[in-house]
1. Which distance in Å, rounded to a whole number, links the C-alpha centroids of the stretch 237-270 and the stretch 155-234?
2. Using only the Cα atoms of the stretch 111-162, what semi-axes does the equivalent ellipsoid have when each is the square root of 5 times a gyration tensor eigenvalue? Give whole Å, largest first.
3. Nearest 10 degrees, 0 to 90: what angle lies between the long axis of helix 127-140 and the longest principal axis of the chain (Cα atoms)?
4. Relative contact order for the stretch 7-106 using alpha-carbon pairs under 8 Å, separation at least 6, rounded to a whole percent?
5. Using only alpha carbon pairs under 8 Å that are at least six residues apart, calculate the relative contact order of the chain and give it in whole percent.
6. For the stretch 298-321 and the stretch 52-86, what is the separation of their C-alpha centers, rounded to whole Å?
7. Which one of Ser283, Cys325, Ala312 has its Cα pushed farthest toward the positive end of the charge dipole of the stretch 238-331, where Lys and Arg give +1 and Asp and Glu give -1 at the Cβ?
8. Pull up all non-local amide H partners of Val348: gap of 5 or more, or a different chain, and H-to-H distance under 5 Å with H placed in the peptide plane.
Amino acid sequence: MQTTFSLAAVADPKIAEVEAIVRKCVHCGLCTATCPTYVTLGNELDSPRGRIYLIKDMFENGRPADREIVTHIDRCLSCLACTTTCPSGVDYMHLVDRARAHIHETYRRPLLDRLIRAVLAAVLPYPARFRAALVLAGLGRPFAPLFDRFAALKPMAAMLRLAPISVPAAAPPVAGPAQGKRRGRVAIMAGCAQSVLDPETNAAALSLLARFGVEVAAAPGEGCCGALVHHMGREADARQAARRNVAAWMRLVDEGGLDAIIVTASGCGTTVKDYGHLLASDSEWAAKAKRVSALALDVSEYLATLDLPEPADPPRLTVAYHAACSLQHGQKVTAAPKALLVRAGFTVKEPREPHLCCGSAGTYNILQSEIATTLKGRKVKNLEATRADVIAAGNIGCLTQIGSGTGLPVVHTIKLLDWAWGGPKPKELG
């Protein structure tokens, strides 16, 4: 794509990065076929190619974001299906991240939109606050239909509907010794939303790894990965979260070494693997962040490196595997989860349109609830058509989103693997 950025503009490293990304786009339009919003809405400006034109125009002319740009950038799920499809290697992830940061810096949103985003940023990344908010959501759930009547309050209705009926107890620290001969030493990211909504996921990972001789070290000070605020354009907040986590994990590296930093929520995994880029301009943290990114692995990636025995009593269930966008597109991890499920004794089926997003995408199913609901319906229909016994996925957002639209049990992949190799049966299976 031809650009006309001025020399003064590209002197700014951020603008130079934007120009370099935009210039790789060849207008081919292959991305439109795999973009969930274009497939749903049919608007060129709601495709990656259309958004690239908007972003190019905004930065090339050095102007603040306007309502049209904000509308179409806000509709992007950051599912990154376009990056899997793109033959030219356009780095759309970092391009849209830069656009969101520019929007946050230059555009004044309507008051209610600002308040809702501020609440999400102040609550979701903090487990104690999030747990308290979920308790309050139980009291407010009957008012969801009332909020639905007003467009500006639809995010509130979506939040109330997504909140679980009961809130799990606080999660214990994710750490424990290896059983038998030690084969490795890792840290498991506790995270934020998943530690509140489904603490059994990390407990299953801890149990399974310990059973296979892997020590799990605690990382005091580690918290939210920063993805939730980063996708809202709050770049400074995301960098602060990244520095905190890098410091916590590097203490473990320096004290006794780590073979890997295990992440069980693939949305977080995509972000942690990108810390090297996020903190590249920070001379104090760049090298440490790059090292942390190199150590970060999805739990399925790490398990695939172990020589796993045959399960003694494998479950004979059929699993519909939902590939989370952040795992298949963001991290390019596609084969490991399915291979592990097969190794564990499950029959694995893939739904139609596995590349399309379920509509969760961090806070997207709150802030863009109508599009998210359409995508959820499409995904659930395809998953149920497999006639599987259970749906498996590797991301808490997907599990919550799909689970709110189907009667089938929806379970994290690691819980099924832990069960197959001697752990408890997942509670979702009854």
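1. 12
2. Equivalent-ellipsoid dimensions as semi-axes: 19, 15, 6 Å.
3. For 127-140 against the chain, the angle is about 80 degrees.
4. 33
5. Computed value for the chain: 14 percent relative contact order.
6. The distance from the Cα centre of the stretch 298-321 to that of the stretch 52-86 comes to 39 Å.
7. Ser283
8. When sequence neighbours closer than 5 places are left aside, the close amide H contacts are Val319.
No lab work stands behind these numbers, since they all come straight from the coordinates. Everything numeric in this text was worked out from a predicted model, so none of it was measured. Don't worry about glycine lacking a Cβ; one is built from the backbone with ideal geometry, like all the others, and counts go over all protein chains shown.
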